[in-house]
Structure formats: C-alpha cells, structure tokens
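The values are calculated or read from the model by the stated rules, or taken from the named source; none is laboratory data. Computed from a prediction, not measured in an experiment: that's the story for all the values here. Heads up, the Cβs are rebuilt from the backbone with ideal geometry, glycines too, and the neighbour counts pull from every protein chain shown. Ligands, DNA and RNA are stripped out before the accessible areas are found, and what is left, the full protein with its side chains, is counted by its heavy atoms. Shrake-Rupley method; radii C 1.70, N 1.55, O 1.52, S 1.80 Å.
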Amino acid sequence: MEQLSLFTQEVNLNAPLASRLRPQTLDDYIGQEHLVGKGKVLQNLLDKDMLCSMIFWGPPGVGKTTLARIIANKTQASFIDFSAVTSGIKEIKDVMKRAELDRMTGKSTIVFVDEIHRFNKAQQDAFLPYVEKGSIILIGATTENPSFEINSALLSRCKVFVLKALSDEDMERLLHHAMTDKRGLGNYTIHIEERLLRAIAVFANGDARTALNTLDMAVLNGRIEEDGSITVQEEVLEQCIGKKMLLYDRNGEEHYNLISALHKSMRNSDPDAAIYWLARMLEAGEDPLYVARRLIRFASEDVGIADSQALQVAVAAYQACHFNGMPECNVNLSHAVVYLSMAPKSNALYKGYEHAKVDAEKMLTEPVPLQIRNGVTSLMQELHYGEGYRYAHDTEEKLTDMKCLPDSLEGKEYYVPTEQGAEKQVKEKLERIKEWKEAAKSNETEQTFGKTIACRSRV
C-alpha cells in the first residue's frame, strides 16, 4: 500500500522501461479508444467531473493501473495504491479512516485495488460502507470476470469498464515512443529493424509491459558500436524472447496462409498436418483465441450435424484458452483440432445457409405467411394473423402439414443432409417427415374433394 502525489513524481532512470514511460495524461495514453477517446464514456465522466467507483476488467499490461493514476491526477484526488495480495482488513480499515478524514476537509480519495478478485468476501465487504458514503472512489483492477469474482453488493455500486488487449499497431506506436522519449531510450542512438520491433509487438500479445521490458532487455544486450550507438541483432532478440523469429504479421499474407492450411488439413481429416499448422501459428505468436474462434466456425461449417458434439468441443477449447492462456492452452487447442480432424464431415449447414441467403437477398419483402404470424392484438386477429396455425404438440405425431415458407418459395430445400456420421439418422428422419407431410396433404386434398362432390350431389 502506498500513497502517492502524482505531481511530484521523478523519473528513476534505473527503473524498468515500462515504469519510466508510464503516461501521466490521457494524451499520452495508448489504447482503449473505446473508453477514453473523444466523446467516449470514461472521457465524458472525467470532463463532467462525475467520477464513480469502477472496475477495470482486462488482460495484464493493458494500462489498468496507469489509467487509474491518470484519473487521480486529472481529478487532483489523493491516490492510494492497494495490492490485494499483501493487504488485509486491518490495512483497509486504516486507509478508510484516513480517507474519511480527507473527505471532511473536502479532499477526495481514489483507492486503487490491483487484483481485486484476490480479496475474499470479508475484505471486499470492508469497502462497502465507504463506497456508499462517498468517502472513497474505488477503482478495482482485475483480469478475471467480475461477475464471478466480485461480491454482487460491491459490484452493483461500481461501473465496469472492459479494457482490451492493445493491438499490434498500438504496440508498435508504443515501442517507437519508447525509442524517442528521453524518459525511455531517447538518450541513446539505437539501430533496430522495423521487422524486429514488429516481432516484439506480436510477441507481447497485447501486453504493453511485456513489450517494453522485452525492448529494454534487447537494447541492454545489444552490440555497442564504435560511435557509441547500439545495434539490436535478431540473435539477441531471439535470446530475449526465448524463441526463434517465427513471428509474422497477423494481418499479412502468411497469417491467412497458415489459418487456411490448418482449416484445410482438418477438412481433409489429417490430424498430423493440422497439429503442425496449429503449432506454427501459436509458436509464431498468434492469438490463441483467434485460432479457437476459427475452430468454432469449422465445427459448424465442415462437421455440422454429422457430429454436433464438435461444436461443444470447439467452444470448450475457446473457454479453456480464456482460462489458461498460452502456453498451457496449446494442448486444449490440439484436443479440439484432432477431434475436428477425425470427426465425420458435412458441409450441409454451410451450403444450406448460403442457398437461403441468395433467396433472402433477392426476396427481402416476402410476407410471413398469416398462419405463422403472431396475432397478439385484436387488430392483428381481425387481419387474420395466426389464423390457421396448428400447434404441433397437440398432434400424436408432433407434426402438421402447415406451410411455413412464403408461397413463392414453397417446395424449396435449403438443408440437404448427407449420410455422414449422425447426419445419416437426421436425413432418414427428415425423409420420413416429408413423406408424412405429403401423405397428410394428399389425405386433406381427398377429403376436400369428397366434401365438394357430396355438396354438389345434394344440390
């Protein structure tokens, strides 16, 4: 726990690069444009001096602590930095008493709690009365979902702001800033290729602290030239990050080549190739959540109802990536990749939607048949909404021959199941359903025809 005056901070040139370059104002702050950009919610709260207690939820190194300090600086409030790892209820109560005294003198106090999810229920409850009275403005930072990790009573009194991992472009901008700022490396002449800076940005995976510390280490171990300048070589950077320079531009051609190779290897039921391309991507610094999202798409596009469990496996792998992160989640993704590679394949869902999309785009104004409209008002009922609707659950077969497509699309087939895996049973069931509906229509036609003949004979 420490209390800081943000107006008297000195730059300690022996401190880590990330600490030396900590922004003091929002103008210097990189990232989180959705919160602190012009006209955005957090910027508006600051401009209108309507600050409230809040929770910053986001991955490590995205600027949660820095943003809290900037807010305290802008509001000229006392700033107390708490660590949930080292502080207990006694420390909390001591700080609250001090904040209460400051409030009586007209000075507000911002209490920043890093890793607030590590506080137990009793520790979190200790903040409640002071947050309610306005003795403090609580800013908690967490990498875990606050809905699960923070008491509902405390959470209901805080506004939750979601901070995102910095983009590769943000990271490169940060690294260039570090190279020129006198508080950082601006006092040195440093030679480093742009591709190496880009590699650091990708390696850091949205974590500004990791990016700056990696750059700092690479420069410290760089080659000192005769003129006193420093050259950072690829071999040095490889040693600093502990891996070969497999890194690639996530928005470039190689990115799309590799995800295509992974997708097509799974489609071709080749688990060995699929695991290799997965490793190529992950070891090159690809975001595991991106890979997981592609697996979720694949599960429905290329496996579908042939094995509906595939979608559950893919979604579970995505959640595992959230829980574990790299490198632990590599085996979770391998699990999903092998499962999807070996699953029976069907693209019936993909083809069905693409076929329906073409018709939907050409026929956007086709009316919904009256019998399946929702007649919830008397006017709608007068207009025959819902008239002729038949409730399938009221029938023994749980089926009716009621039309659900517009008249212009009657008879259209979008979902055409294959005979792969479990979809074979789906195909057989669908065929039986269609046969039943055709028989029901024929029977209805015969009954209608018979009634017409009988009516004519009576006349």
For this session: Name the residue, out of 437, 403, that is of a type outside the set (Phe, Trp, Tyr), open to solvent by less than 80 Å² (accessible area, probe 1.4 Å) and assigned to a loop (DSSP other than H, G, I, E, B).
Result: 403
Exercise. Restricted to segment 180-196, and to residues that are aliphatic (A, V, I, L, M) and within 14 Å of residue 221 (Cα to Cα), which residue is surrounded by the fewest Cβ atoms within 10 Å (Cβ to Cβ)?
Worked result: 190
For this session: Specify the residue that is nearest to residue 348 (Cα to Cα); the eligible residues are those in segment 295-320 that are within 20 Å of the chain's Cα centre (by Cα) and of a type in the set (Gly, Ala, Ser).
Result: 300
Seminar exercise, completed: Expected single match for buried (at least 17 other Cβ atoms within 10 Å of the Cβ), in contact with a Leu (Cβ under 8 Å, 6 or more places away or on another chain), of a type in the set (Val, Ile, Thr) and at negative phi among 202, 236 is 202
For this session: Could you list, in sequence order, all residues of segment 378-400 that are part of a loop (DSSP other than H, G, I, E, B) and open to solvent by less than 60 Å² (accessible area, probe 1.4 Å)?
Result: 386, 388, 395, 399, 400
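Conditions (1) assigned to a helix (DSSP H, G or I); (2) under 21 Å from residue 325 (Cβ atoms); (3) of a type outside the set (Phe, Trp, Tyr), marked per residue:
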residue: 182; (1), (2), (3): no, no, yes
residue: 185; (1), (2), (3): no, no, yes
residue: 197; (1), (2), (3): yes, no, yes
residue: 212; (1), (2), (3): yes, yes, yes
residue: 215; (1), (2), (3): yes, no, yes
residue: 218; (1), (2), (3): yes, no, yes
residue: 228; (1), (2), (3): no, no, yes
For this session: Mind counting the residues in segment 28-52 that are among the polar types (S, T, N, Q), surrounded by fewer than 21 Cβ atoms within 10 Å (Cβ to Cβ) and either outside any helix (DSSP H, G or I) or at positive phi (or both)?
Result: 0
Problem set entry | So residue 225, is it open to solvent by less than 70 Å² (accessible area, probe 1.4 Å), more than 30 Å from residue 116 (Cα to Cα) and modelled with pLDDT under 90 | no
Problem set entry | Search result, residues across segment 10-27 that are out of contact with any Ser or Thr (no Cβ under 8 Å at 6 or more places or on another chain) and part of a loop (DSSP other than H, G, I, E, B) | 10, 11, 13, 14, 15, 16, 21, 24, 25, 26, 27
Exercise. Of the residues that sit in segment 406-434 and are among the polar types (S, T, N, Q) and outside any helix (DSSP H, G or I), which one is least open to solvent (accessible area, probe 1.4 Å)?
Worked result: 418
Exercise. Quick check: is even one residue across segment 96-104 farther than 30 Å from residue 214 by Cα and among the acidic types (Asp, Glu)?
Worked result: yes
Problem set entry | Where residue 357 falls short, out of the listed (1) closer than 30 Å to residue 144 by Cβ; (2) in a helix (DSSP H, G or I) | (1)
Exercise. So residue 99 clears everything in (1) outside any helix (DSSP H, G or I); (2) without any contact (Cβ under 8 Å) to a residue 40 or more places away in the chain except one condition, right? Which one?
Worked result: (1)
For this session: Kindly indicate which of 331, 358, 303 is surrounded by fewer than 19 Cβ atoms within 10 Å (Cβ to Cβ) and over 23 Å from residue 255 (Cβ atoms).
Result: 358
Exercise. When segment 334-355 is examined, which residues are found to be open to solvent by less than 50 Å² (accessible area, probe 1.4 Å) and not β-branched (Val, Ile, Thr)?
Worked result: 334, 336, 340, 341, 343, 344, 345, 346, 348, 352
Exercise. So which of 78, 83, 87 ends up being touching an Asp or Glu at 6+ places or on another chain (Cβ under 8 Å), among the polar types (S, T, N, Q), over 27 Å from residue 170 (Cβ atoms) and modelled with pLDDT under 85?
Worked result: 78
Seminar exercise, completed: Apart from one, (1) more than 27 Å from residue 323 (Cα to Cα); (2) at pLDDT 85 or above; (3) open to solvent by 50 Å² or more (accessible area, probe 1.4 Å) all hold for residue 133; the odd one out is (2)
